[in-house]
Amino acid sequence: MKNQFNKSFFWIIYFLITLSYCQEKSVTNKSPNIVFIFSDDHATNAISAYGGLFTDLAPTPNIDRIAKEGAILKNVLCTNAICGPSRASILTGTYSHINGYYKNYKGGVFNNQQWTYPQALQEGGYQTALVGKWHLASEPVGFDYFKYHISKGEQGLYWDPIYNDNGNKIKEKGYATNLTTDFAIEWLQERNKDEPFCLLLQFKAPHREWSPDKKYEHLWNDIEMPYPLTFNDSYLGRELTAGDTEMTMDYFSRQDMKMLPPDSLTQKKQRRWLQYGFKPGETVKLSKKLSSQENRNLKYQKYIKDYLATIRSVDDNIGRVLKYLKDNNLEQNTIVVYSSDQGFFLGEHGFFDKRFMYEESLKMPFVIRYPGVVKPGTIVNDIISNIDFAPTLLDMAGVNIPENVQGKSFFQNLKENTSKDWRQSMYYHYYEYPYYHRVQPHYGIRDQRYKLIHFYYNIDVWEFYDLRNDPSEINNLIDNPSHASLINRLKTELYQLKKSYGNNMSIEELRYISDNDFGGLESNKKQ
Ligand code: SGN
Ligand code: CA
């Protein structure tokens, strides 16, 4: 009798455990859908929900709507602010030294044999699709459907782009941002309606060379755009770092200016003429009559107007997606994210491009709407980074997160329930040098108030900023004696963080990474 009782008890417990496990982890058609909208090089300073110089001049109503109806994250920081590496970190939830994708130039090839979150969602019962920019140089794995930009090293083209459509090369006619959205919506229409889905809709815009759609080419012809505070930065105290790059307005090319080459040149020579400004050390002077300040101002005006115009199309097309979800009764059960692979300089410190650990390129936009779960108007200030995206999406989908994912789910943070032991600082590391743009490799730590950076490649320079008193990062306080003990504490914390993520490389080994031509595959073998 007692034996019988024990047996039944065992089976009841077994049944309950199995049931609770299945309830927690099995994907049903009630599981939330995910639309992950992503762009290339979109600075928070160019999104009106984040405020900034262009809030009234160039608003982004559809991105703002996602934020208003859900959450806006103000401290999402990129672990390596450049395209391929950031994308690899997002997909794998790991730092570059773990996933092997350190840099674009010289060997950026993503090892597609490794775990990614779209694969986990697919295995968990999700239908998955990728449309638009991929830029990882190896075939996407984990997607039921893909159609991604090829040509120009997978940067893709603004006009008449060529796509890899599930293995077939297809040239399309039109403007990339509109086309990419068309294909995403077509996939949504054709998908199997019985399963939850995850769609990665990834725009090429607003990447260089910032070509707007025809209808937006002349949006701000009659006005002069405002200049950021640090546009004429003197780089005092930062001469060897911010002061020694090829990403100031001087390095803006003829193509960036959308100048027209002389008709008399052959096509090949016309292309070369347009490319002037791309080679190391090559700077374009627009006219002999202009002073260097006038030259820089003129370039900035063209740059910022074209950049913001490409974003107008991104925002319009996000509006189309939101409307599709609403019209098709998908609004309630679909998580919508908008983010970008890193931030971007919009003339701050006189720069375009990204790479530096300075705020403008370090900060990624991130807004998310999840009706009924994330309260409208939520603001999250916690320090989050791109390695946290994968575990968060899996957490929301109810799919297991493997232990070797380095990021942490911030699902609770979105519900204003941040755990007490949430990280207080983050570790950053940029490796690519010297091309493009000649930014010294560096690593650093950033907490809610301070930032400490070490540029180590062929210089040995430290920078320290108090972001509360100096949000523009122009006062490098590294030699200020009153901060010495604070700097020491941060240095220790930086080394601890670096080590805790498994980056124990010496400066020599780090230089090897910057100098050598290898892809993710080879470097992964080395681990
Ligand atoms: C291209 C651009 C660079 C840019 C990199 C990386 N040059 O090489 O200005 O920094 O892409 O961008 S261009 O000649 O193609 O315009 S990223 O988004 O892929 O990281
Ligand atoms: Ca990018």
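The values are calculated or read from the model by the stated rules, or taken from the named source; none is laboratory data. Small disclaimer: the values here were computed from a predicted structure and weren't measured. Using ideal geometry, Cβ is built from the backbone for each residue, glycine included, and neighbour counts are taken over all protein chains shown. Keep in mind that these areas ignore ligands, DNA and RNA; they rest on the heavy atoms of the full protein, side chains included. Shrake-Rupley method; radii C 1.70, N 1.55, O 1.52, S 1.80 Å.
Which Cα, out of 201, 50, 514, lies furthest along the positive dipole direction of the chain (beta carbon charges, K/R +1, D/E -1)?
201
Starting from the Cα-Cα distance between residue 330 and residue 499, subtract it from 0.36 nm times their residue separation and give me the gain in nm to one decimal. Could you put the intermediate results ahead of the total?
On the way: separation 169, 0.36 × 169 = 60.84 nm, distance 4.37 nm.
That works out to 56.5 nm of additional length.
Per residue of the range 375-386, in order, report the coupling 6.51 cos²θ - 1.76 cosθ + 1.60 (Karplus, θ = phi - 60°) as ³J(HN,Hα) in whole Hz, putting x for Gly and Pro.
Result, rounded to whole Hz: 5, x, x, 5, 10, 10, 9, 4, 7, 10, 9, 5.
Which residue, chosen from 419, 453, 434, occupies the Cα position most advanced towards the positive end of the dipole of the range 403-476, where the dipole is computed from +1 (Lys, Arg) and -1 (Asp, Glu) charges on Cβ about the Cα centre?
419
For the Cα atoms of the chain, what angle does the longest principal axis make with the long axis of helix 83-92, in degrees from 0 to 90, nearest 10?
Compared with the principal axis, the helix lies near 10 degrees.
Please list, or write none, the lysines whose alpha carbon is within less than 22 Å of the alpha carbon of residue 491, excluding same-chain residues fewer than 8 places away.
Reachable lysines: 363, 451, 499.
Relative contact order (percent) for the range 400-481, with alpha-carbon contacts under 8 angstrom and 6 or more residues of separation? Don't skip to the answer; put the middle values down first.
Numbers: 102 pairs, mean separation 12.7, N = 82.
So the answer I get is 15 percent.
Defining a contact as two alpha carbons under 8 Å apart and six or more residues distant in sequence, what relative contact order in percent does the range 304-391 show?
On the way: 69 pairs, mean separation 21.6, N = 88.
Dividing the mean separation by the residue count of the range 304-391 yields 24 percent.
Would the range 407-527 count as rounded, prolate or oblate if I go by the C-alpha gyration tensor, calling it rounded below 1.5 in a/c and otherwise prolate when a/b exceeds b/c, oblate otherwise?
Numbers: a/c = 1.93, a/b = 1.17, b/c = 1.65.
Taking the square roots of the gyration eigenvalues as a ≥ b ≥ c, the range 407-527 is oblate.
Please work out how much accessible surface residue 366 shows to a 1.4 Å probe, ignoring ligands, DNA and RNA, in Å² rounded to 10.
Around 10 Å² of this residue is reachable by solvent.
So if we plug the beta-carbon distance of residue 113 and residue 423 into 1/(1 + (r/R0)^6) with R0 = 30 Å, what FRET efficiency do we get, rounded to 0.05?
Between residue 113 and residue 423 the formula returns 0.55.
Give me the distance between the Cα centres of the range 277-344 and the range 482-505, rounded to whole Å.
Measuring centre to centre over Cα atoms gives 35 Å.
So how much slack lies between residue 448 and residue 223, counting 0.36 nm per residue of separation and subtracting their Cα-Cα distance, in nm? Intermediate results must be reported in sequence, preceding the final value.
On the way: separation 225, 0.36 × 225 = 81.00 nm, distance 3.66 nm.
Here the answer is 77.3 nm.
Using +1 on the beta carbon of Lys and Arg, -1 on that of Asp and Glu, and nothing else charged, what's the dipole of the chain about the Cα centre, debye to 20? Could you put the intermediate results ahead of the total?
Numbers: 62 positive and 62 negative charges, 89 e Å.
Charge dipole, the chain, about its Cα centre: 420 debye, nearest 20.
Near residue 258, within a Cβ-to-Cβ distance under 13 Å, what is the net charge of the other residues, with Lys and Arg +1 and Asp and Glu -1?
Working: positive: 208, 214, 254, 299, 302, 305; negative: 209, 217, 256, 306.
Net charge around residue 258: +2.
Given the protein chains as shown and a 1.4 Å probe, how many square angstrom of residue 310 are accessible, to the nearest 10?
Near enough 0 Å² of accessible area.
Cα-based count: Lys pairs in the range 73-206 below 24 Å, eight or more positions apart or different chains?
Pairs that pass both the separation and distance tests number 26.
Could you tell me the calculated FRET efficiency between residue 271 and residue 416, based on Cβ-Cβ distance and R0 = 45 angstrom, to the nearest 0.05? Before the final figure, lay out each step's value.
Details: r = 53 Å, r/R0 = 1.19.
Taking R0 as 45 Å, the efficiency between residue 271 and residue 416 is 0.25.
Between 281, 338, 308, whose Cα lies farthest towards the positive end of the dipole of the range 266-349 when Lys and Arg beta carbons carry +1 and Asp and Glu beta carbons carry -1, centred on the Cα centre?
Checked the options; the winner is 281.
Note down the net charge around residue 127, summing +1 for each Lys or Arg and -1 for each Asp or Glu among other residues with Cβ under 13 Å from its Cβ. Could the numbers behind the result be given before it?
Values: positive: 191, 193; negative: 123, 144, 190, 194, 195.
So the environment of residue 127 carries a net charge of -3.
Show which aspartates and glutamates lie in cross-link reach of residue 288 when reach means a straight Cα distance below 20 angstrom and same-chain residues fewer than eight apart are skipped.
250, 256
Working out 0.36 nm times the residue gap between residue 74 and residue 189, then minus their Cα-Cα distance, what length gain in nm do you get to one decimal?
Working: separation 115, 0.36 × 115 = 41.40 nm, distance 3.36 nm.
So the extension gain works out to 38.0 nm.
Roughly how many debye, to the nearest 20, is the charge dipole of the range 424-527 about its Cα centre, given +1 on each Lys and Arg Cβ, -1 on each Asp and Glu Cβ, and no other charges? Write out the running numbers ahead of the final one.
On the way: 12 positive and 14 negative charges, 73 e Å.
Dipole of the range 424-527, to the nearest 20 debye: 360 debye.
What shape does the range 209-297 take by its C-alpha gyration tensor, where a ≥ b ≥ c are the square roots of the eigenvalues and a/c under 1.5 counts as rounded, a/b above b/c as prolate, and the rest as oblate?
Details: a/c = 2.10, a/b = 1.32, b/c = 1.59.
Since a/c reaches 1.5 but b/c is at least a/b, the shape of the range 209-297 is classed as oblate.
Could you tell me how far the Cα centroid of the range 430-457 sits from the Cα centroid of the range 164-232, in Å?
The distance from the Cα centre of the range 164-232 to that of the range 430-457 comes to 30 Å.
Give me, ordered by chain and number, the residues 5 or more places off residue 146 or on other chains with an amide H under 5 Å from its own placed amide H.
130, 166
Which trypsin sites (Lys or Arg not before Pro) in the range 81-163 pass both tests, a DSSP loop state and at most 16 other beta-carbon atoms within 10 Å? Could you put the intermediate results ahead of the total?
Numbers: sites: 87, 103, 106, 133, 147, 152; in loops: 103, 106, 133, 152.
Qualifying residues, ordered by number: 152.
For the chain, calculate the relative contact order in percent as a whole number, restricting contacts to Cα pairs under 8 Å that are 6 or more residues apart. Don't skip to the answer; put the middle values down first.
Numbers: 1052 pairs, mean separation 127.5, N = 527.
Here the relative contact order equals 24 percent.
What net charge is computed for the residues neighbouring residue 59, neighbours being all others with C-beta under 10 Å from the C-beta of residue 59, Lys and Arg scored +1, Asp and Glu -1?
On the way: positive: 312; negative: 56, 64, 315.
Every neighbour counted, the sum reads -2.
Show 348, 493, 139, 190 ordered by accessible area, largest first, where the area counts protein heavy atoms only and the probe is 1.4 Å.
My answer, sorted largest first, is 190, 139, 493, 348.
With n ≥ 4 as the cut-off for DSSP H runs, can you work out [θ] at 222 nm for the chain, using -39500 (n - 2.57) per run divided by the number of residues, rounded to the nearest 500? Walk me through the numbers on the way to the answer.
Numbers: 14 runs with 164 residues, N = 527.
Helices in the chain give a 222 nm mean residue ellipticity of -9500 deg cm²/dmol.
Measure nothing fancy, just the Cα-based angle from helix 484-500's long axis to the longest principal axis of the chain, in degrees from 0 to 90, nearest 10.
50
Please report, in debye to the nearest 20, how large the charge dipole of the range 196-297 is about its Cα centre when each Lys and Arg carries +1 at its beta carbon and each Asp and Glu carries -1 there. Before the final figure, lay out the partial values.
Working: 16 positive and 14 negative charges, 120 e Å.
The calculation lands at about 580 debye.
At what distance in nm do the modelled label points of residue 491 and residue 152 sit from each other, each positioned 7 Å from its Cα along Cα→Cβ?
Distance between label points: 4.4 nm.
For residue 253, which sequence-distant residues (separation of 5 or more, or a different chain) have an amide H within less than 5 Å of its own amide H, given hydrogens modelled in the peptide plane?
none
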